[in-house]
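Asker: I have a structure I would like to understand better, so I am pasting it below and will then ask my questions one at a time.
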Amino acid sequence: MERELTDVHCQGCGAILQSDNPKQVGYVPAKAKKQISCQRCFRIRHYNDIAPVTQDQDEYLRILQGIAKTDSLVVQVIDLFDLEGSWIPGIHRHIGQNQLLLLANKFDVFPKSVKWGRMKDWVREYAKDRGISPVDVIPISATKGERIAEAVEAIEHHRRGRDVYIVGASNVGKSTFLNRLIRDFSDLEEEITTSPYPGTTLDAIQIPLDDGESIYDTPGIMLNNRMTEQVHPKDLPSILPTAPINSHVYQLQQEQTLFFGGLARFDFLEGEKQPFITYMANQLYIHRTKLEKADLLYQEQKGKLLVPPTEEGALRPWKEHNFTIGGKGKQDLVISGLGWIRLRGDRARVRLYAPEGVQVLLRPAIV
Ligand code: GDP
């Protein structure tokens, strides 16, 4: 045994560190000589390691139905970069009489000119159209640590002594948010525990609050209508924005095409020359070509010039979406999880190819 059983205490929970029994408190692998927290506290600090995710819609519904039976505050984390794709369908029906607070994450990916108030209104309107009036909408950035204190205050204010359930689709940043919450707003005097949700095989993570109530983190639900859930995890960094998006203006003639890596394709079929502005992760490769060359280029360059995807067969085959634009002002053509193309609203016929199942939609322009 390399670690002495002396009185070295874990910085997180205070247990005496030991390397003998992984099931006992204070366990730290003998190899991790310099670690000053037990494995459990270390993991909690790196929350993503233990945050569960599920693809099982029935099991997820059972969790939501369980929440409906409680008297609690429900906090839904959504991804502002993909509001439509990250919204949990039917959430208002599943949470019963409980109030909903929305944390609109990833605000940092928007250009600095976009105002918090504008985002709030947009999200509030979106929720209202889906049958629910949230008690509040707080735009946050979990990675940059922006407005986390405001989110914590709002949770505290609206929970009125009740338990809190945090829900969200996978990849919205729920773990990153909770990681910050635990690190910056909890003293870890009480143990954070995991236990199965009743009637499911999924784990709940319970974060104790001062008044004896708890924050329960529910597993992230994988919604397959998002590009983020269809790409191979290796390719995720190519499409997730980590900094304010640099929009790109493409002045296109009719019969020109844009490829977004090899993930999606946009064809300007018919209309006057006009600008199309892309809002996607800065690191994503966008290739412009003539429509007549596009098919052959794709055949020859898929997985080479046109990446991601880097893994053969990771994505479902493309589905074609056709739109006729005009008369509705500026619009965004959204590819869930990948970003959007802003259309000026001039008359145009356009076509988009995206993997089957990935949500493609038009909305009034948001930037
Ligand atoms: P979860 O599946 O909802 O728990 O999501 P994670 O916390 O694992 O985050 C998913 C991805 O989104 C990771 O690559 C994070 O770095 C990223 N992410 C999380 N929060 C933010 C944020 O506030 N801004 C940006 N730009 N990215 C974020």
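The values are calculated or read from the model by the stated rules, or taken from the named source; none is laboratory data. Keep in mind that this is a model prediction, so the values were computed, not measured. FYI the Cβ positions are ideal-geometry reconstructions off the backbone, even for glycines, and counts take in every protein chain you see. Ligands, DNA and RNA are excluded from the accessible area calculation, which covers all protein heavy atoms including side chains. Shrake-Rupley method; radii C 1.70, N 1.55, O 1.52, S 1.80 Å.
Asker: Over 24 Å between Cα atoms: which of LYS69/LYS144; LYS273/LYS330; LYS112/LYS302; LYS144/LYS174 fall into that group? Can you show the working numbers first?
Answerer: Values: LYS69/LYS144 35 Å; LYS273/LYS330 16 Å; LYS112/LYS302 35 Å; LYS144/LYS174 14 Å.
Listed pairs above 24 Å: LYS69/LYS144; LYS112/LYS302.
Asker: Over the chain, what percent of the accessible surface lies on carbon and sulfur atoms, probe 1.4 Å? Don't jump to the answer; show the numbers that get you there.
Answerer: Details: 8160 of 17330 Å².
Solvent-exposed carbon and sulfur of the chain make up 47 percent of the total.
Asker: Report the per residue volume, in Å³, of the convex hull enclosing the C-alpha atoms of segment 159-317.
Answerer: 175 Å³
Asker: If one takes the longest principal axis of the Cα atoms in the chain, at what angle in degrees, from 0 to 90 and to the nearest 10, does the Cα axis of helix 57-68 lie?
Answerer: Once rounded, the angle reads 60 degrees.
Asker: Do you know the relative contact order of the chain, to the nearest whole percent, from alpha carbon pairs under 8 angstrom that are 6+ apart?
Answerer: Working: 763 pairs, mean separation 52.1, N = 367.
Relative contact order comes out at 14 percent.
Asker: Among all cysteines in the chain, which have no other cysteine Cβ under 4.7 Å from their own Cβ?
Answerer: So far as the 4.7 Å Cβ criterion goes, CYS13, CYS41 stand without a partner in the chain.
Asker: Once both axes come from the Cα atoms, what is the angle between helix 148-159 and the longest principal axis of the chain, in degrees from 0 to 90, rounded to 10?
Answerer: So the helix axis and the longest Cα principal axis differ by about 70 degrees.
Asker: Against the 2.2 N^0.38 Å scaling, with N counting residues, where does the chain land? I'd like the Cα-based Rg ratio to two decimal places. Don't skip to the end; give the middle numbers.
Answerer: Working: Rg = 23.1 Å, N = 367, 2.2 N^0.38 = 20.7 Å.
Dividing the Cα radius of gyration by 2.2 N^0.38 Å gives 1.11.
Asker: For GLU146, enumerate residues with amide H under 5 Å from its amide H, sequence gap 5+ or separate chain, H modeled in the peptide plane.
Answerer: Amide H neighbours of GLU146, under 5 Å, 5+ apart: SER141.
Asker: Right, next: Mind checking which of GLN274, GLN35, GLN76 has the largest fluctuation in a GNM of the chain, springs on alpha carbons under 10 Å?
Answerer: GLN35
Asker: Separate question: With Kirkwood's inverse mean 1/r over C-alpha pairs for Rh, give me the Rg to Rh ratio of segment 234-364, two decimals please. Don't skip to the answer; put the middle values down first.
Answerer: Numbers: Rg = 13.9 Å, Rh = 14.9 Å.
In segment 234-364, Rg relative to Rh is 0.94.
Asker: Explain nothing, just compute: Karplus ³J(HN,Hα) = 6.51 cos²θ - 1.76 cosθ + 1.60, θ = phi - 60°, for every residue of segment 166-180 in order, whole Hz, x for Gly and Pro.
Answerer: Per-residue couplings from phi come out as 9, 10, x, 5, 5, 6, 7, x, 4, 5, 4, 5, 5, 4, 5 Hz.
Asker: Counting other Cβ atoms within 10 Å, which trypsin sites (Lys or Arg not before Pro) in segment 243-294 have at most 11 and lie in a DSSP loop? Numbers along the way, then the final one.
Answerer: Numbers: sites: ARG265, LYS273, ARG288, LYS290, LYS293; in loops: LYS273.
Answer in residue order: LYS273.
Asker: Additional query: In whole Hz and in residue order, list the ³J(HN,Hα) couplings for segment 263-270 that follow from phi through the Karplus curve 6.51 cos²θ - 1.76 cosθ + 1.60, θ = phi - 60°; x for Gly and Pro.
Answerer: Along segment 263-270, the couplings run 8, 7, 9, 10, 10, 8, 7, 7 Hz.
Asker: Out of every Cα pair in segment 85-130, what percent are spaced more than 16 Å from each other? Mind showing how you got there, number by number?
Answerer: Working: 465 of 1035 pairs.
Distances greater than 16 Å cover 45 percent of the Cα pairs.
Asker: Let me ask something else. For ALA15, which sequence-distant residues (separation of 5 or more, or a different chain) have an amide H within less than 5 Å of its own amide H, given hydrogens modelled in the peptide plane?
Answerer: Residues meeting the criterion, in which the H sits 1.01 Å from N, are CYS10.
Asker: Given H placed 1.01 Å from N in the peptide plane, which residues other than close sequence neighbours of VAL53 have an amide H under 5 Å from its amide H?
Answerer: Counting only residues 5 or more places away or on other chains, the set is GLY220.
Asker: Something else about it: Using a 1.4 angstrom probe, figure out how much accessible area the chain has per residue, in square angstrom, rounded to the nearest whole. Mind showing how you got there, number by number?
Answerer: Numbers: 17330 Å² over 367 residues.
With all protein chains present, the chain gives 47 Å² per residue.
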